[in-house]
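A.B. asks: Dumping the structure here so I can ask a few things about it.
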Amino acid sequence: MKKALITGVSGQDGAYLAKLLLKKNYKIIGTTKSLSRINKWRLKKLNIEKKITYAQLNLHNKKSIDRVFEKFKFDEFYNLAGHSFVATSFKNALNTANNTGIGVVRILENIKKKNKKIKFYQATTSEIFGGSKTIYQNENSSYNPKNPYAISKLFAHLITGNYREYYNIYAVSGILFNHESPLRGEEFLTRKITKGLVKIIKGKQKFIEVGNLDSKRDWGYAKEFVEVMWKMMQQRKPEDFVISYGKAYSVKNFIDLCLKELDIKGKWIGNKDERKFVTKKNKTIIKVNPKFIRKKDYKLIIGDSTKAKKILNWQPNVDIKKLVKIMINEEKKFRS
């Protein structure tokens, strides 16, 4: 039986990855900053919360990492921990750098000194491409991070490759583009939209506010993305891969698909920053609020996963229409 340690096990990706590995007969050690404050709602929803061994791990603290390595023996280490909300990184740049960036060095140092046979996966973000001048991004594209979160992730990405090259460690990075699911946090746009619209039709909310409707993203399905993480760790040669759906859609496209799935009829009125969606009963249920519009939004970037498709034999099957359907159907099951 293989053993895997997953940092951030209670998050969207951590929960789906734990579910996948349990099906493959792995023993899972899931870590969290605080055992007393861990929110297991995602793990409970997947019916796996009692199948995981939990441990406390603070990536800021070398002794905390040392203790985990001393207490547990594992074959694979998946580092999915850290804040993934860009706005928060501006408010806590030092904390972001220490956790998301330097924390990875602390992990790699333990692997180098204690057991170089441990395979390491680092979750990198497409934010490292940031303000790229080209649309399609692959493993050889230039980096241009534009916020503390992306800069910290780029450091983690580069140091992972550095340890792989110089210390002969099996260390890989998955460069993940946007990936959504019913387990997404409510602070993220896609979940805010699906949850808000379902609450509106249930009479529990009057409207939702969004930012730039024309902003486009390459959205994929988180459950499919974790499958690539595992495949990356099973190769003979450790390599980095871009993980993406490969097509971009606007926020308005996403909302329109949600409205269609919920059979909400109406029309968009107004121009740009004043646009709103009004139902046939003349109720405004979606409003553009300028405070949610980024002062400087990124240019459109789309992931090129040709390498993953060729080497890992990976093919995403859930397009944006299927993704919306999955998220809306699951949202209807939530009690809130």
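Any read-out appearing in this document is the output of simple, stated calculations on the displayed coordinates, not a laboratory observation. All figures in this text were calculated on a predicted structure; none of them were measured in a lab. Cβ: placed from backbone, ideal geometry, glycine included. Neighbour counts: every protein chain shown.
A.B. asks: Rounded to the nearest 5, what % of the DSSP beta bridges within the chain are antiparallel ones?
C.D. replies: Values: 9 of 43 bridges.
Percent antiparallel among DSSP bridges in the chain is about 20.
A.B. asks: Let me ask another. Sum -39500 (n - 2.57) across every DSSP H segment of at least 4 residues in the chain, then divide by the residue count to get the 222 nm mean residue ellipticity, nearest 500. Mind dumping the intermediate values first?
C.D. replies: Numbers: 12 runs with 122 residues, N = 336.
That comes out to -10500 deg cm²/dmol.
A.B. asks: Right, another one. In nm, give the distance between the simple-model label positions of GLU165 and GLU187, each being 7 Å from the Cα along the Cα-to-Cβ direction.
C.D. replies: Result for the modelled spin labels: 3.4 nm.
A.B. asks: For Rg and Dmax of the Cα atoms in Å, the listed values are (1) 20.3, 66; (2) 30.6, 130; (3) 27.2, 92; which was obtained by calculation from the structure presented?
C.D. replies: Computed from the coordinates, Rg and Dmax of the Cα atoms in Å corresponds to (1).
A.B. asks: Could you tell me whether the stretch 180-320 comes out rounded, prolate or oblate from its Cα gyration tensor? Rule is a ≥ b ≥ c as square roots of the eigenvalues, rounded for a/c under 1.5, then prolate if a/b exceeds b/c, otherwise oblate. Can you show the working numbers first?
C.D. replies: Details: a/c = 2.79, a/b = 2.09, b/c = 1.34.
The shape class here is prolate.
A.B. asks: Give me the extension gain from LEU94 to LYS202: residue separation times 0.36 nm, minus the current Cα-Cα distance, reported in nm with one decimal.
C.D. replies: Once the chain is fully extended between LEU94 and LYS202, it gains 34.7 nm.
A.B. asks: Let me ask something additional. Amide H to amide H, which residues 5 or more places from TYR136 or on other chains are under 5 Å from it, using H placed in the peptide plane?
C.D. replies: Answer set, sorted by chain and number: ILE302.
A.B. asks: How far is helix 62-71 tilted off the main Cα axis of the chain, in degrees rounded to 10, range 0 to 90?
C.D. replies: The answer is roughly 70 degrees.
A.B. asks: Still on this structure: Going by average Cβ neighbours within 10 Å, how do the peptides 32-45, 300-313 rank, with the highest at the top? Don't skip to the end; give the middle numbers.
C.D. replies: Details: 32-45: 14.6, 300-313: 17.8.
Descending mean neighbour count gives 300-313, 32-45.
A.B. asks: On to the next question. Return the lysines within reach of LYS299: Cα separation strictly under 16 angstrom, same-chain partners fewer than 8 residues apart disregarded; answer none if there are no such residues.
C.D. replies: Correct list for LYS299: LYS133, LYS146, LYS216, LYS247.
A.B. asks: If I take every Cα pair under 8 Å that is 6 or more residues apart in the stretch 4-60, average their sequence separation and divide by the length, what percent do I get for the relative contact order?
C.D. replies: Relative contact order comes out at 39 percent.
A.B. asks: Pairs of alpha-carbon atoms within less than 8 angstrom and 6+ residues apart define the contacts here; what relative contact order does the stretch 157-304 have, in percent?
C.D. replies: Working: 222 pairs, mean separation 41.9, N = 148.
Rounded, it is 28 percent for the stretch 157-304.
A.B. asks: Given points 7 Å out from each Cα along the Cα-Cβ axis, report the LYS299 to LYS272 separation in nanometres with one decimal.
C.D. replies: Rounded to a tenth, the inter-label distance reads 2.0 nm.
A.B. asks: Can you give me the Kirkwood hydrodynamic radius for the stretch 10-150, using every pair of distinct Cα atoms, in Å to one decimal?
C.D. replies: Values: mean 1/r = 0.0603 Å⁻¹.
Roughly 16.6 Å, rounded to one decimal.
A.B. asks: Would you mind working out the magnitude of the charge dipole of the chain relative to its Cα centre, with +1 at each Lys and Arg C-beta and -1 at each Asp and Glu C-beta, to the nearest 20 Debye?
C.D. replies: Working: 71 positive and 30 negative charges, 230 e Å.
It works out to roughly 1100 debye.
A.B. asks: Let me ask you something else. Let me check I have the definition right: for the stretch 1-91, take the eigenvalues of the Cα gyration tensor, multiply each by 5, take square roots. What are those semi-axes in whole Å, largest first?
C.D. replies: Values: eigenvalues 83, 60, 26 Å².
One finds semi-axes of 20, 17, 11 Å for the stretch 1-91.
A.B. asks: Next question. Quick check: pseudo-label points 7 Å beyond the Cα along Cα→Cβ at THR279 and GLN235, how many nm apart are they?
C.D. replies: 4.9
A.B. asks: Let me ask something additional. Suppose R0 equals 35 Å; then what is the FRET efficiency for GLU209 and GLU139 from their Cβ-Cβ distance, rounded to the nearest 0.05? Please list the in-between numbers first.
C.D. replies: Working: r = 37 Å, r/R0 = 1.06.
That gives a FRET efficiency of 0.40.
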